[in-house]
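Step one of this worksheet: look at the structure below.
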Amino acid sequence: MPDNVTSLFRSTAAHSPSMAALTRESDGAGPVDFCIPCNPYFPTPAMFEEMAARLRDIITYYPSSADTITAELCSLLQLPPQCVAMGNGSTELITWIDHLLVRESLAVPVPTFGRWTDQPMETGKRVDMFPLQESSGFALDLAQYAEFIRARGTRVAVICNPNNPDGGFLHKHAVVQFMDAMADLDLVVIDESFLEFADAENEPSVVQEAMLRPNVIVLRSLGKNFGLHGIRFGYLVANPALAGRVRSMLPKWNLNSFAEHVVFMLKEHGAEYAQSLHQVRRDRMDMSGQLSSLPGLTVYPSQGNFLFVRLPVGAEGTVVRDRLLTEHRILVRECGNKIGSSSRFLRLVVRPQVDVRRLVTGLEQVLYGTSRRGAAVSEQATGTAYSSGTAAVDRLVSQTNGAGTRGLAQAAGAGMPLPAAASAPAVGPGGGMPVPAAAGLPQPEPQPVPQEAPRPQPAPQPVPVPQPQPQPQQFPQPAAYPEPAPQPAPAAPPLAPAAAFAAPAPAPAPVQVPPATGPTPPGVPARGGLTAAQVRGTDGLSMAPATGWPGAQSWPDAAGMGQAAG
C-alpha cells in the first residue's frame, strides 16, 4: 500500500478515514480491517448472496415507512413499538437527542465515542468531561461520576456500556442504581451500542427498566452487531413520551431499503446471529492472549468487540499505524484524536485468528525492529504520566473541568490532582506533568469571572452528599434548589432548571456552581465550555456551526443474550 495513503488520516478530526477513501487511494484493494468495529461473522455468505440477488429491487424502489420497519424489529426483540424509535444510524439519534433533550449541559466519561462530546459542543452546550483513569484500567466508578455530576450541576448524563474505546463494562444492577439516583436530571442516556458482544452477565441490558422511567433513553446499534456499518440503522428505547418525541421529528423514509431488507431477513437467521456473537467472544479471549504476549504492550479488559491497548514506552501511535498500513496492509485505530486518550493507545477490533496472527507479526516487526526500517520504539522514556493528548482538554479538565468549579479532586476520581488555589499551576490528569497551552486558544483566567462571587477554597475531604438508605453502592442524591427568600429552602421539585442549582446545604465549604445565563446560540460555548473547533485545535475565534436539523424463539433478546421469552 503506497505511503501517500496515510495522508488521509491528517484531514480527519475525530474519526479515521472511510474504507472507501482508503481503497480509492491504494491499488484498489483495501487493508485487513482492525479499525471499524464490525461483527466479522454476520451476515452469513448465504445472506449476502440473497441480498445480491435482490440488489436491483432494493436500490430501485422506495422502502416501507419507518413505522413498518420498526414494527418488524420490535416483533423480533419483543419490545413495544411505541417505546422505540429507529434512526439512520445511532449518530442520527444522538443528533436528535442533543437538539431536543439537551438544554445547557451534558456529562460524559472520556475517552468515549466522539459524537457524545462533539455533537453537544457543536450546538453550544457545556460538556462536562469526567476523565477515566489509566491507573484504574479506565474503569468507570459510578459513585464518583454521580458526585461529579452533582458538583457540576449537569442536567444530562451519558454512560456507554461497554465503553468505546476501552470496552469497560458495568453490571446491570449498578446501572439501574445510577439511573434511579439521577432521577431528577433532564435525561440519562445509556448507550448500549456494543452490549450484544458482552458475556459478563446473562441479561445486561436495561431496556426494560428504561421504558418504566420518565427520563431514561437506551441507545442500541444494529450496524455494529450485524456487521453492516454501511447500512445506517440503529434504535433507541424509552418510555412512550420520550420515544415518541424523537420519532415525531424523524422523516417518514429515514430508513433505507437495505435496512428494511435486512430487518425482514433476521427472523430466519436468529440462530446464525447468536452463533456469530459467541464466536466473537471466543476470538476476543484468544486475541487478548496473543497481544498480551508482546513485550511492553498492555491490553485492557474489554466486553466489546475490540481491545484497547497501550503501546510500549517510546512507541508513537501514528507511526505504528502508518507503518502497519503501508508495510503490512493492516488498518488500526490510533486513538490520539479521542478526547481523554493519547497517541500511545490503539483500539483493535476483534477478528478471526488468521487475521490476528497477521496483526501480531506486523506489530512485532514494527515495534521491535525485525523489519528493514527498524523499530518504532525509541529509547526508554522516564515517565508514563497520562494525558488526554489534547492540550485544550487537559487544561480544561485539570483546572476547572469546563466552567470554573474548583475542588473536584474527589469527584473526578483518584489520580487527577486539581489546583488547591487559583494561582496553582495547571497539571495533567496523570499528575505532576505541566499542561501545555494549545496554540491560538485563549488562556483561562486564574481568578473567577468578575460577576461571580469568590469561590471558597476546596475542603480536604470529599464534597459532602446526603446519604440515602443503605445500598450496595452509594450515589449522591438530588441537591436542594433554594428559594429567593432568605429563609431555609424547601425540598427540591423533581426537575428544577439548571439556573437554580446549588450544592446541598448546610455543608462546610460547599462547591458553588455558577448560575446559567440562559440558552446559548449554536456554535457558542456555554459558560466556561469549549466549542468542538477549539477542542480540535483551531484558533478558537471561529464559531463552530451547528449540525443536523435544529429545531421468535431462536432469536436473542434485546441485549443479544439468551433466548427471547415466549
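The values are calculated or read from the model by the stated rules, or taken from the named source; none is laboratory data. From a predicted model like this one, the values you see are computed outputs, not experimental measurements. Quick reminder, even Gly has a Cβ in these numbers, built from the backbone with ideal geometry, and neighbours come from all protein chains shown. To get the accessible areas, we keep the full protein, side chains included, count just its heavy atoms, and leave off ligands, DNA and RNA. Shrake-Rupley method; radii C 1.70, N 1.55, O 1.52, S 1.80 Å.
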Next item on the list: Grab the beta carbon distance between Arg358 and Glu50, set R0 = 35 Å, and tell me the FRET efficiency rounded to 0.05.
Entry: 0.70
Note to self: Taking 0.36 nm per residue of sequence separation and subtracting the Cα-Cα distance, how much length would be gained by fully extending the chain between Thr60 and Arg281, in nm to one decimal?
What the structure shows: 75.8 nm
Margin query: How far apart, in nanometres, would the label points at Lys267 and Arg329 be if each is projected 7 angstrom from Cα along the Cα-to-Cβ direction?
Written below: 4.2
Next item on the list: Bin width 10 Å, alpha-carbon pairs only: give the P(r) of segment 98-246 as whole percents, running from 0 to the bin holding the largest distance.
Entry: 11, 42, 39, 7, 0
Check: Summing Lys, Arg as +1 and Asp, Glu as -1, what charge do residues with Cβ under 14 Å from the Cβ of Gly89 carry, Gly89 excluded?
Finding: +2
Notebook entry, point to check: Using only Cα atoms, what is the ratio of the radius of gyration of segment 110-156 to 2.2 N^0.38 Å?
Noted result: 1.22
Margin query: Can you give me the orientation-averaged projected area of the convex hull built on the Cα atoms of segment 196-285, in nm²?
Written below: 7.1
Checklist line | Accessible surface, segment 131-171, averaged per residue in Å² (probe 1.4 Å) | finding: 20
Margin query: Can you give me the % of accessible surface on segment 112-271 that is carbon or sulfur? Probe 1.4 Å, all protein chains present, nothing else counted.
Written below: 55
Next item on the list: Give the whole-number value, in cubic angstrom per residue, of the convex hull volume spanned by the C-alpha atoms of segment 72-161.
Entry: 129
Next item on the list: Show me 300-306, 167-173, 127-133 ranked by packing, highest mean number of other Cβ atoms within 10 Å first.
Entry: 127-133, 300-306, 167-173
Next item on the list: Give the accessible area for Leu101 in Å² (nearest 10); use a 1.4 Å probe, count only protein heavy atoms, and leave out ligands, DNA and RNA.
Entry: 20
Notebook entry, point to check: Using the scaling law 2.2 N^0.38 Å as the reference, what is the normalised Cα Rg of segment 232-382?
Noted result: 1.37
Checklist line | Sorted peptide list for 323-335, 147-159, criterion being average Cβ within 10 angstrom, highest first | finding: 147-159, 323-335
